[in-house]
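Everything on this sheet refers to the single structure shown next.
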Amino acid sequence: MQTTNDSGAWPRYSRGQRVVHWLVAVLVLGALSLGGTIGWFGFEGLQARFGEDATNTIYTWHKSFGVLILALMLVRIGLRLRHGKPPYAVALARWQRIGSEVVHGLLYVLLIVMPVIGWWATAAGGYPVQLGPLILPGLFPENEALSEILFGWHQALGMAILILALGHIAVALFHWRVRRDGVMQRMTFGSARR
């Protein structure tokens with residue numbers, strides 16, 4: 001476990017864990033923004049408003065972000081198993097520790113399940129699964145009725161991730177700006193000094 005608690009520094013996650021965390025955060029923000037745009041306008045609405053090329057680009061980026069999130073979450077789990085997590089510099093109340101574990105656990109699960117369901121729904125709908133210009137294997141047989149159900153689940157999971165992520169951000173900001181207890185510094189790159 002990489003922590004630097006000596007000489008007055010905050011305990012921290014390993015550098016790899018911090019890099020992956022922030023990459024996933026940026027990709028989730030992008031995927032949710034693009035997914036929300038797709039959900040708001042729909043395919044036909046996007047084509048009417050932005051044209052075919054822009055619509056295809058929006059879908060390609062959304063799918064690509066999902067594939068990257070899935071890959072990085074698997075890396076993140078490996079890093080967590082290898083490095084663990086640093087201790088809290090200031091003890092948290094039991095309910096806060098439990099709440100933190102529940103929210104983080106749900107985010108881990110949903111950020112793996114969500115792209116898998118998106119991949120499945122895309123393949124079942126007969127659409128290409130993309131990572132940039134690469135077409136990935138569909139892995140699932142075509143089934144239009146199942147595809148519609150899965151896209152509904154995909155959208156519902158997107159809302160759940162949005163709610164959890166907003167709560168996670170709010171609590172992180174509270175620890176950083178109000179409590180100033182080192183919780184936020186565990187995942188940052190700035191000075192580790194107290």
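Taking the 0 to 90 degree range and rounding to the nearest ten, how far is the long axis of helix 144-173 tilted relative to the main principal axis of the chain, both from C-alpha atoms?
Helix 144-173 sits roughly 20 degrees off the main axis of the chain.
Hey, of (1) 1.04; (2) 1.00; (3) 0.94, which did the structure itself give for Rg/Rh (Cα atoms, Kirkwood Rh) when calculated?
Of the labelled values, this structure produces (1).
Based solely on its DSSP helices, what 222 nm [θ] is calculated for the chain when runs of n ≥ 4 H residues each add -39,500 (n - 2.57) and the sum is averaged over all residues, nearest 500 deg cm²/dmol? Could the numbers behind the result be given before it?
Numbers: 4 runs with 129 residues, N = 194.
That calculation yields -24000 deg cm²/dmol at 222 nm.
Is segment 70-124 best put as rounded, prolate or oblate by its Cα gyration tensor, with a ≥ b ≥ c the root eigenvalues, rounded for a/c under 1.5, and otherwise prolate when a/b is larger than b/c, oblate when not?
Oblate.
Hey, what angle do you get for helix 15-50 against the long axis of the chain, alpha-carbon based, 0 to 90 degrees rounded to 10?
Around 30 degrees separate the two axes.
Not counting ligands, DNA or RNA, and with a 1.4 Å probe, what is Val116's accessible surface area in Å² rounded to the nearest 10?
That residue has around 60 Å² of solvent-accessible surface.
Using the Cα centre as the reference, give the magnitude of the dipole from point charges on the C-beta atoms of the chain (Lys, Arg: +1; Asp, Glu: -1; all else neutral), rounded to the nearest 20 debye.
Working: 17 positive and 9 negative charges, 314 e Å.
Computed charge dipole of the chain: roughly 1500 debye.
On C-alpha positions alone, give me the angle between the axis of helix 94-124 and the longest principal axis of the chain, in degrees, nearest 10.
Rounded to the nearest ten degrees, it is 20.
Quick one: 3J(HN,Hα) in Hz for segment 182-190, Karplus 6.51/-1.76/1.60 with θ = phi - 60°, rounded, Gly and Pro as x.
Each residue's phi maps through the Karplus curve to give x, 4, 5, 5, 4, 10, 9, 10, x Hz.
The values are calculated or read from the model by the stated rules, or taken from the named source; none is laboratory data. Computed from a prediction, not measured in an experiment: that's the story for all the values here. For neighbour counting, all protein chains shown are included, and Cβ atoms are generated from backbone atoms with ideal geometry for every residue, glycine included. These accessible areas exclude ligands, DNA and RNA; they are computed on the full protein's heavy atoms, side chains included. Shrake-Rupley method; radii C 1.70, N 1.55, O 1.52, S 1.80 Å.
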